[in-house]
Amino acid sequence: MEVSDLRRRIRAAIEAARVRAGDRRARTDGATRAYEQFLEAIGVPAFHTMANALVGEGHRFKVTTPGQAARLTSERSADDFIEMSLDTNRDVPAVVLVSQRGRGRRMVSVERILRELAEEDVVSALLEELVPLIER
């Protein structure tokens, strides 16, 4: 193989990587803007509504908003929580729901992608992840 051919192929690969990186940055920027609007309009209010309903049923939970996330934390144990955030490390950014709970010395963590971002879908996903936290 000729060195000139190899250099041409390397330059093409570098240019393709540059274009892919630009596309990824654009997708991430767009997803971040959309997620900020979603978090303010739907995400945080859904978490507050869930916390209020849980307190009414005798389960003490509080809502915090660390960074660009919403977190529902048990007041019994700070290790038991459900957190919603935007994962921009993926090729296509996605809203992720992470549930963590302690079982003795062992920590159980579950991560799932929220495909739909309507309020009903967020509440349904929260309820599914909440069951293990309140079943003790």
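The values are calculated or read from the model by the stated rules, or taken from the named source; none is laboratory data. What you see is a predicted model; the values in this text were computed from it and never measured. Don't worry about glycine lacking a Cβ; one is built from the backbone with ideal geometry, like all the others, and counts go over all protein chains shown. What goes into the accessible areas is simple: the full protein's heavy atoms, side chains included, and nothing from ligands, DNA or RNA. Shrake-Rupley method; radii C 1.70, N 1.55, O 1.52, S 1.80 Å.
Tabulated values for the structure
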{"quantity": "Flag if D79 is more than 19 Å from V123 (Cβ to Cβ) and out of contact with any strand residue (DSSP E or B) (no Cβ under 9 Å at 6 or more places or on another chain)", "calculated": "no"}
{"quantity": "Per-region count, the range 48-90, residues among the small types (G, A, S), over 28 Å from T28 (Cβ atoms) and either open to solvent by less than 30 Å² (accessible area, probe 1.4 Å) or assigned to a strand (DSSP E or B) (or both)", "calculated": "2"}
{"quantity": "Single condition V63 does not satisfy, out of (1) under 30 Å from G104 (Cβ atoms); (2) more than 23 Å from the chain's Cα centre (by Cα); (3) among the β-branched types (V, I, T)", "calculated": "(2)"}
{"quantity": "The range 67-99: number of residues that are without any contact (Cβ under 8 Å) to a residue 12 or more places away in the chain and over 30 Å from A17 (Cβ atoms)", "calculated": "1"}
{"quantity": "Subset tally (residues that are assigned to a strand (DSSP E or B) and either of a type outside the set (K, R) or open to solvent by less than 80 Å² (accessible area, probe 1.4 Å) (or both)) for the range 91-109", "calculated": "13"}
{"quantity": "Residue pairs meeting the criteria (Cβ under 8 Å; at least 6 apart or on separate chains; first in a helix (DSSP H, G or I), in the range 1-28; second modelled with pLDDT under 90)", "calculated": "R24/D91; R27/V92; R27/P93; T28/T88; T28/P93"}
{"quantity": "Residues of the range 4-29 satisfying the condition of being surrounded by 10 or more Cβ atoms within 10 Å (Cβ to Cβ), of a type in the set (S, T, N, Q) and over 29 Å from the mean Cα position of the chain (by Cα)", "calculated": "none"}
{"quantity": "Condition check for L130: open to solvent by 60 Å² or more (accessible area, probe 1.4 Å), in contact (Cβ under 8 Å) with a residue 40 or more places away in the chain and not in a strand (DSSP E or B)", "calculated": "no"}
{"quantity": "Every pair of residues 6+ apart whose Cβ atoms lie under 9 Å, when the first sits in the range 37-56 and is farther than 10 Å from L126 by Cβ and of a type in the set (V, I, T) while the second is assigned to a helix (DSSP H, G or I) and open to solvent by 70 Å² or more (accessible area, probe 1.4 Å)", "calculated": "I42/E119"}
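Residue-by-condition table, conditions (1) modelled with pLDDT under 85; (2) among the charged types (D, E, K, R):
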site: R90; (1), (2): yes, yes
site: L97; (1), (2): no, no
site: S124; (1), (2): no, no
site: I134; (1), (2): yes, no
